[in-house]
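Heads up: the structure comes next, in structure tokens.
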Amino acid sequence: MTRHLYSQFLTLQSVGIIVGLLLIATHAAALFMPDKTQSLLKRFPRWKEAGIAVLAIDFLWAFWLIGEIDLGEFHTWERPIKFILPVAFVLFVVFVDEFLAVRAAGIFLLLLACPVLDIAFLKDPESRLLLSALSYAWILVALFWVGMPYLMRDQVAWATRSPNRWRALAAGGLACALFFWGKGGTA
């Protein structure tokens, strides 16, 4: 279990504030700087350097995690996994040219869902369900991005097809973030 790892330095309130601020910042950027945001999103799926950077974060996080969690009866696998992780990182960088950034982002979302779900587990305020629902949405999207990474390209193309659609999506996301987190969604 990883719950004890993340609860040492995270609380439900701090996670809620961080997630809320990130949602507000990203949707505000999408709404008020549409050209830059769309350009970045259109470039991201095939942006090899960004993929390597995100994959490096994934690798470091997974390497740290495997050393910290109690593997129980699988503790004998710790050393082989610590050997396989850097090898897998290098193999990914060398041989996965297609949509590396999307796959790395999917892995990042899978890793990110864990601390959010752990922190929200069995906490009192019902607002924790917002974080749980968001985490499960991340997991669902991440599984598709890792398995079928071209879907991110298609999702970006759909969202950027018309300026009105882009504004509606950005404004809707910003309104949801402000409404849920602004009314004390993590109190």
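Nothing in this text is a laboratory measurement; each read-out follows from the coordinates by a stated rule. This is a predicted model, so every value here is computed, not measured. Please note: Cβ atoms are built from the backbone with ideal geometry, for glycine as well, and neighbour counts cover all protein chains shown.
Okay, here's what the table says:
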{"item": "Unit charges on C-beta of K, R, D, E only; dipole of segment 3-182, Debye", "result": "700 debye"}
{"item": "Cα-based radius of gyration of segment 15-75 once divided by 2.2 N^0.38 Å, which approximates compact folds", "result": "1.62"}
{"item": "Farthest toward positive dipole pole in the chain [+1 Lys/Arg, -1 Asp/Glu at C-beta], among Leu169, Ala137, Phe59", "result": "Leu169"}
{"item": "Residues Tyr150, Tyr6 arranged by fewest to most Cβ contacts within 10 Å", "result": "Tyr150, Tyr6"}
{"item": "Residue exposure sequence - Phe121, Phe59 - by fewest surrounding Cβ within 10 Å", "result": "Phe121, Phe59"}
{"item": "Choice from Val116, Val54, Val90 showing the highest fluctuation, given a GNM over the chain with Cα pairs closer than 10 Å", "result": "Val90"}
{"item": "Span-rule helices in the chain, defined as complete DSSP H runs reaching 24 Å or more along the axis (Cα) with Kyte mean at least -0.5", "result": "12-32, 48-68, 78-95, 100-120, 128-147, 163-182"}
{"item": "When the chain is reduced to its Cα atoms, the Kirkwood hydrodynamic radius in Å", "result": "18.1 Å"}
{"item": "Sequence-separation-based contact order of segment 3-182, relative, with Cα cut under 8 Å and 6+ spacing, percent", "result": "36 percent"}
{"item": "Fewest-first ranking of Thr37, Thr76, Thr26, using other Cβ atoms within 10 Å as the exposure measure", "result": "Thr76, Thr26, Thr37"}
{"item": "Relative contact order for segment 101-187, counting Cα pairs under 8 Å that sit 6 or more residues apart, in percent", "result": "36 percent"}
{"item": "Label point distance in nm, Glu73-Leu60, each placed 7 Å from Cα along Cα→Cβ", "result": "3.6 nm"}
